[in-house]
Every structure is written in structure tokens, then in C-alpha cells.
Amino acid sequence: MTRRRRRPNFFGWALFGLVVLFGYYLNQVYLPSRPNPFDATPTVTRSPESFVTEAEELFKEGKLLPSIEAYQSAINSSPQNPALYIALARIQVWAGQYEEAQANAENALLLSPENSMAHAVRAWALDFQGGADNNAEALGSIQKAIELDPNNALAHAYYAEILVDSGSFENFEKAALESRTAIDLDPTLLEAHRARAYILENVGSEGNNYELAIQEYRAAIEINGNIPILHMELGRNLRFLGVYEDAIKEFTFANTLNPPDPEPDLLISRTYATMGDFTKALQYAETAVKNRPTDASLHGNYGVMFYRNFDYANAVEQLGLAIDGGLTEDGFPIKGLPLNNELRVIEYYYTYGLALARTNVCGKALQIAQEIQSKVHLDDTSMETINENVNAINEVCQENLNNPAVDTAVPTGEATEAPVETPTP
């Protein structure tokens, strides 16, 4: 009873209270506001609209492949939007990805079966793949597009081109009407001006009007000057008019826009050959082959340019690959070109025959001459040029028979004649 009471430890209680308050703050306020280090870091998700904007800007700059990638990203972000598949397919046609463009247009149709634009772009992609069956299917698809939307200017522009490519003279006047309709519906549409130019270049009473075609191609280029095919088509018409230097400038610009494409190099090669500058023609023919080493036609052109430079041994090698097929020195497989009524292919055949004759391989040279005579049937003007070269094969082989050569190496002087260039575009 006499023991003294212990006084309360106010300091300890105060310290305990602070600890409790700190624990409450830590668990209820601080930690919930901090990211969990064991959770995955969230990524920023771009909207499909941002990818579309990027794709459109890239297309304006002529960057077709990056534009395609941006549209594919937009589709990944919004896979149920048919407009994205249609936009992608349009760019893929410009980029030469025709089968992929067809597939994406058909993807749009799965989502929206009555979509006029999807039918139209599918038709355009089919037409670019060539062949009578594809053209017939393209006609059906484009007619469906116009039935669904008669005011679809893009569909009318595609229809004009598809009608021309049908090869039927009965369709040519209709094609001209469709090209004018497209421009009337939308004077600012690039494809409308291109379709009109295509008509002026090729069709009926309006065909071979290269001056007006050039104006329309330039109008299309004003809308977007960074699409390679437009510059190639403009250059082709300039070449028809004999404005060779300007044509080469257009082909060269197309080449800068898409360096891996061999087509501009091929066109430059042919233009220099027309100008008589066979050295430069050979250089560009070689570049074209390097860009696409499995293309038989490019090897054929390369062989023609070797022949024009009097290098008959290399001409035989390259034209042999083009016609007979085989493997290149680098191991690339080539599928030979069968003889048909295409002037370019016929040129490869008779030049091959001439090169063989000049290297005294007349057995095969004469077989080629006979094959051309039996299989090729064209208009009188074209046949006159072809027959001149077939007769030249026979004459060279007869000369070899009459005066056997001791040395059949590549001559260093001028050849007595060169194949006459048929008027192929």
C-alpha cells in the first residue's frame, strides 16, 4: 500500500500513435497511388485514325510501302472497319501488289457486301493482273460497283480502264464515255485524270492523241506528283512524240521514287536504244536485270542491247535465258518465254536467231526463223519488219555456209545489219 504508482508514459503512447497513423497513410494513401512493380508496364495505344493520317501523308510523299504498313497498323487497331481495307487495297494497286490488293478488297466485302468502293477496287486489282479471265471478272465487279453507286467517280474511272484492257473494239467508245463521266463527277480525282489520259493514248477515235494524254497525265501528277507509274506513263507518251530527253527525265524521276522497280530502267534502256545510244541502253538494261534477276523479259531486253553493241556471245547467253529458260550465273531460275504475237517477245526471238546465226549456230537459228514464220500472224506493217529479220537470219546462215568462218569470235567492227526495231511501246 505504500508502493508508489507508476506515472503514464505519454511519450510512448504518442510515439505509438504516430506509428499507427503512418501505417494507415502508407497502406491507404501512398501505396495505392504507386504503380505495382510486378505489373506489366502499360503501352500507349494509338488510335486507328492516327495511323490513317500517317498513311495518307506517306502516300502523298510517294512512300507507298510505308503507307501500306501504316494502313495495316490501322487495320490491326480496328479490324472491323471496311474502309481501311479499301484504302489499303488502293495503295497496294499503285505499289504493284495486285493480288494483295484484291484480297484486301475482298476482306472489305466480307464486312460490307454492298460496298461500291470495295467492288470497284477489287475490279481494278483484278484488271492489273492481266488475262482474259481476270478482265471478265473485273468487268462484273466494276459493273456491280456502279450499280450500287452510279455517282462513284472512282468506279467510272476504273471502268474506263478495264473496258480498254478488254481488247474489244466494241467497248472503246463506252470506255471514252466512262472516262469523261469520271471527270465530270469529280474533277479533282487523280484516277479520273489518269483514266482519261489512258483513253486518249489508246482508244478508238481518241487514241494516239498523245498531246492531250500528256495534259491529263500532268493533271494527275499535279494532284500527286510522287506516284511512280504516273511518271512512267507520262514519259511513255513523251517518247511516242519523240521528246526523248523529257521522257528520260520522267522515267528517271519514277526510278528515284521506287529504286527497286526495274520498269523505269527498262524504259530508259529502250529510249536510249531508240535514240541510237546503245552503250547507255545496255547499262540500264543491266540495272533492270539486277533489280529483278528472275524476269525473262528483262533478260531478253538485255540480250537485245548486247546485240546492238555487237556483243553476240553475250546476246546469245541472255536471249537464251529469256527464250529457253535456265539458271543465271548467280543461280536464279528463269522460265522461258513462249513465242506469241506480242511484238516485244517476237523481237527477242528474231534477235536470238540473228545472234545465233552470227556465232555460226545456224541449226538452232534456222529453227527459230521457221518457228516465227509458222506461228506469228500480225498486221502487214508489223509482219514486214518481222520478215526482214527472219530473212536476215537465213541470209547470214547461207553466208556462213558459203564462206565458212575460221574464227567466230565476237566481231570488233560494225555489224552489217542490226535487227529492225518493231514499233513496240
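For region 74-143, with all protein chains present and a 1.4 Å probe, just round the carbon and sulfur fraction of the accessible area to a whole percent. Could the numbers behind the result be given before it?
On the way: 1340 of 2800 Å².
For region 74-143, the apolar C and S fraction of the accessible surface comes to 48 percent.
Give a quick list of GluC sites (Glu not before Pro) in region 257-336 that DSSP marks as loop, anything other than H, G, I, E or B, with at most 16 other Cβ atoms within 10 Å.
Answer in residue order: GLU329.
Rolling a 1.4 angstrom probe over the protein chains, ignoring ligands and nucleic acids, what is the accessible area of LEU356 in square angstrom, nearest 10?
Solvent-accessible area, nearest 10 Å²: 10 Å².
Note the full-extension length gain between GLU49 and ASN151 as 0.36 nm times their separation in residues minus their Cα-Cα distance, in nm to one decimal.
Numbers: separation 102, 0.36 × 102 = 36.72 nm, distance 2.63 nm.
Going from the current span to full extension adds 34.1 nm.
Averaged per residue, what accessible area in Å² does region 229-279 show with a 1.4 Å probe, protein chains only? Before the final figure, lay out each step's value.
Working: 1920 Å² over 51 residues.
In whole numbers, region 229-279 has 38 Å² accessible per residue.
State the extension gain, in nm to one decimal, for the chain segment bounded by ARG218 and ASP277, taking 0.36 nm per residue of separation less the distance between their alpha-carbons.
Numbers: separation 59, 0.36 × 59 = 21.24 nm, distance 2.77 nm.
Gain in length upon complete extension: 18.5 nm.
With the cut-off at 1.5 for a/c, could you classify region 295-355 from its C-alpha gyration tensor as rounded, prolate or oblate?
Because a/c hits 1.5 or more and a/b fails to exceed b/c, region 295-355 counts as oblate.
Let's test the formula: R0 of 22 Å, r as the Cβ-Cβ distance of GLU395 and GLU371. What FRET efficiency results, to the nearest 0.05? List each step's numbers first, then the result.
Working: r = 18 Å, r/R0 = 0.80.
With R0 = 22 Å, the Cβ-Cβ based efficiency is 0.80.
Quick one: with all protein chains in place, what share of the accessible area of region 210-284 is carbon or sulfur, to the nearest percent (1.4 Å probe)?
53
The values are calculated or read from the model by the stated rules, or taken from the named source; none is laboratory data. These numbers come from a predicted model, not from an experiment. All Cβ positions, glycine included, derive from the backbone under ideal geometry; neighbour counts span all protein chains shown. The area values use the complete protein model at the heavy-atom level, side chains included, leaving out ligands, DNA and RNA. Shrake-Rupley method; radii C 1.70, N 1.55, O 1.52, S 1.80 Å.
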